[in-house]
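Laboratory data are not the source of any read-out in this text; all were calculated from the coordinates shown. Since the model is a prediction, treat every value here as computed from it, not as a measurement. A quick note on method: Cβ atoms are made from the backbone with ideal geometry, for glycine too, and the neighbour counts reach across all protein chains shown.
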């Protein structure tokens, strides 16, 4: 798939199955991430891979963390939390590593890590993989972040759920961009 087709046709895929991306495909995704715009060449990101039984451990971490916040959490919601990481054979966690820098503020480093995540999404689509970028409460819960080993200078950018699409890759609708690009100065 050529780059413009991948960028203009990409769509998220929520229903994913095995097999997970191969080691070669994962390496390509990380190479895509490394090409994100990066003021100062700080490479302000790192990644965690979660697959196999580690997905179940992540589900338990989600559930324990939610129970700390809400001890009366229903069994239905506990089960949902435990099953969340099981929706794909591989999760790639994107983490921003914020650094003190005289010319590159933290916001730019966060944007850079977000761009790395978006490059992963685009790279997955270009390889025919299914991917969906998820966040939600478990991306911001202090106990989850600690359990994943994040340091004080780190922020979770998202969980990239990766796998084989259950159905053919969807065709994304062309968005209406009218009014989204304007000349400046306006009269």
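Some notes on this structure:
- Filtered by the rule that a residue be in contact (Cβ under 8 Å) with a residue 12 or more places away in the chain, surrounded by fewer than 23 Cβ atoms within 10 Å (Cβ to Cβ) and in contact with a strand residue (DSSP E or B) (Cβ under 9 Å, 6 or more places away or on another chain), the stretch 127-142 gives 128, 132, 133, 134, 135, 139, 140.
- Some residue of the stretch 82-101 being under 21 Å from residue 157 (Cβ atoms), loosely packed, with under 14 Cβ neighbours inside 10 Å, more than 17 Å from the chain's Cα centre (by Cα) and without any contact (Cβ under 8 Å) to a residue 60 or more places away in the chain: yes
- The stretch 152-170: number of residues that are over 25 Å from residue 22 (Cβ atoms) and either within 18 Å of the chain's Cα centre (by Cα) or in contact (Cβ under 8 Å) with a residue 60 or more places away in the chain (or both): 3
- The set of residues in the stretch 1-57 that are part of a loop (DSSP other than H, G, I, E, B), touching a helix residue (DSSP H, G or I) at 6+ places or on another chain (Cβ under 9 Å), surrounded by fewer than 14 Cβ atoms within 10 Å (Cβ to Cβ) and free of Cβ contacts under 8 Å to residues at least 60 places away in the same chain contains only 2.
- For the stretch 108-126, a tally of residues being crowded, with 19+ Cβ neighbours inside 10 Å and more than 15 Å from the chain's Cα centre (by Cα) returns 2.
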